[in-house]
1. Where does each of A:ILE257, A:ILE7 land when they are ordered by accessible area, with a 1.4 Å probe and the largest first?
2. Am I reading the B/A interface right? What is its buried accessible area, both sides, 1.4 Å probe, to the nearest 100 Å²?
3. List the residues, sorted by chain then number, that are 5 or more residues from A:LEU168 or on another chain and whose placed amide H is less than 5 Å from its amide H.
4. With every protein chain left in place, what is the accessible area per residue of the protein assembly as shown in square angstrom, probe 1.4 Å?
5. What distance in nm separates the two pseudo spin-label positions at A:LYS135 and B:LEU89, each 7 Å out from Cα along the beta-carbon direction?
6. In debye, nearest 20, what is the charge dipole magnitude of region B:41-128 about its Cα centre with +1 on Lys and Arg Cβ and -1 on Asp and Glu Cβ, if you could check?
7. At A:LYS3, label 7 Å along Cα→Cβ: distances to the other copies, nm, ascending?
8. Give me the percent of the accessible area of region B:95-177 that comes from carbon and sulfur atoms, probe 1.4 Å, all protein chains in place.
There are 2 protein chains.
Amino acid sequence: MDKRQLIQCHDRIKPFIHNTPVLTSKSIDAMVSANLFFKCENFQKMGAFKMRGAANAIMQLSKEQRQHGVVTHSSGNFAQALALSAQSLGVKAFIVMPKNAPLVKKNAVKEYGGRIIECEPTLVARENTTKQIEKEKGATFLHPSNDDHVILGQGTACKELLELHPDLDYVFAPVGGGGLIAGTAIAAKYFGKHCKVIGGEPFEVDDAYRSLQSGTIETNKTTNTIADGLKTQLGDRNFPIITQNVQRIIRVTEEEIVQAMRIVWERLKIICEPSSAVAFAAVLKEKEQFSGKKLGVILSGGNVDLNNLPF
Amino acid sequence: MDKRQLIQCHDRIKPFIHNTPVLTSKSIDAMVSANLFFKCENFQKMGAFKMRGAANAIMQLSKEQRQHGVVTHSSGNFAQALALSAQSLGVKAFIVMPKNAPLVKKNAVKEYGGRIIECEPTLVARENTTKQIEKEKGATFLHPSNDDHVILGQGTACKELLELHPDLDYVFAPVGGGGLIAGTAIAAKYFGKHCKVIGGEPFEVDDAYRSLQSGTIETNKTTNTIADGLKTQLGDRNFPIITQNVQRIIRVTEEEIVQAMRIVWERLKIICEPSSAVAFAAVLKEKEQFSGKKLGVILSGGNVDLNNLPF
């Protein structure tokens, strides 16, 4: 994936996304002894960066493919993103969700016109149900993170950030399925002057950290983290990009995630979700390393359940 | 107070305040069947519009007065606003606070360099302690809302909003001590094309609503509201302005306040405090009246205690 492709992707999806604001805070700068620039994807359409990749992936389909719709399995932000992008583009979206998914998530997908197909809450059921929809409806499967078009789309957030602040020393992004961090790394390579990319990942689901250590894609045995968007694992499309272009991954505890989220809420006065606080938690954890630097932080989303807050 | 005075006030305080962003939301517009423009004073310095009036009031003092400092009694946003404005202008700020005020509020005042003088939690103790500071230190007393310079300062938020959207049909603001709504009414008169001003007030502290009915300043016997910034009463400086320039006041229940706050958090992805949700609650309460109109809403502040949320 090269610079031209990223520019084309951005031009393509611009009518369907917000160029989200970049916020700063004197008190956070003082806390870190650095200049921080928060790229606020919590203000993105449907509340997360996932809108970018979903829109780009659908727009790459042929006219015939679009006529038969798209399908994915997700109970998180990609489900909503695919539903809303598909709706914006006049395409049907089938969303496979475990039947025990929270009602608030199902309602959000429905609100954006997505058609929910419920399945048993197991990996096998999820994949079988998805394959069935592909076969029955002729719908095209789109993966939430391990897809070149999705990766490019997610990279446009960092591209926008660097267009405003091309001299950032570092950009921090959370690592879940790897789509955002891979896209961010591509954008930093082509649009930064000297911008290094660092990932933030919860200790509880540190598969990407371990994958970078071992050189092969590792998995998580347990997923006990509040950062529910980061439970997924890397794939063969994004792992090589991450290996080559991400400087390192900083792991953070659950307590550090909640503390970072609290600082964003209290100081920036904005709602970010736990997964998106992980990148900022990584900055705080090793702030001595970044003293005096210009740091970008991708606040990836703002979809929280207000009835279930960690404070 | 005329147009020229409001313009001069705004020019004077500009270096000390943010021209805060105005946010919109398609889903909220759909909910109300109108176009809403939220003036986000939760992003103001120290987290509330009070910064505007405090800065203007201090800047009106003589050099000699400034040398002896300023004093107020407040355990809310005006305490922080006076402390921070005074600090920005190199003036001492004495803040009289009841000794049982929450630690988080005391710490915020200290963070901005304010000198706290504790008193017993009674009206008499508060006033006596304030008078004592005026006498001992020669400090000038500044009232949080019943002061022409404070009123003008608060009006600059609506002035900024109308400079962006001069054709608003209505602007909604919460009513507490009356400084914000009076300033808003002055700004609407001189900077709106045909802009009416409506106040939002909790049923539990509906002194302003009753004052407009009776024609004299009424008080509250109880103050059982989550909107802790709206417990104070009108004064002789702002009441005549409100009487002449505010169309009416819409009262809302505690449940309606929390519901409005939740919608702002979930849809706009920003933190607003209960007091600031009251104006939006008033819109929601009578939304049929405002169908198809352009509505400004002053979101007055974003200082909440995350350990004590209503959801």
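1. Numbers: A:ILE257 0, A:ILE7 65 Å².
Of A:ILE257, A:ILE7, the descending order of accessible area is A:ILE7, A:ILE257.
2. 1600 Å²
3. A:LYS193
4. Heavy-atom accessible area per residue stands at 40 Å².
5. It is 7.6 nm.
6. 180 debye
7. Spelled out, the distances from A:LYS3's label point are 5.2 nm.
8. Here it works out to 52 percent.
The values are calculated or read from the model by the stated rules, or taken from the named source; none is laboratory data. If you're wondering where the values come from, they're calculated on a predicted model, not measured in any experiment. So basically every Cβ, Gly included, is an ideal-geometry build from the backbone, and we count neighbours across all protein chains shown. Quick note on the areas: whole protein, heavy atoms, side chains included, nothing else; ligands and nucleic acids left out. Shrake-Rupley method; radii C 1.70, N 1.55, O 1.52, S 1.80 Å.
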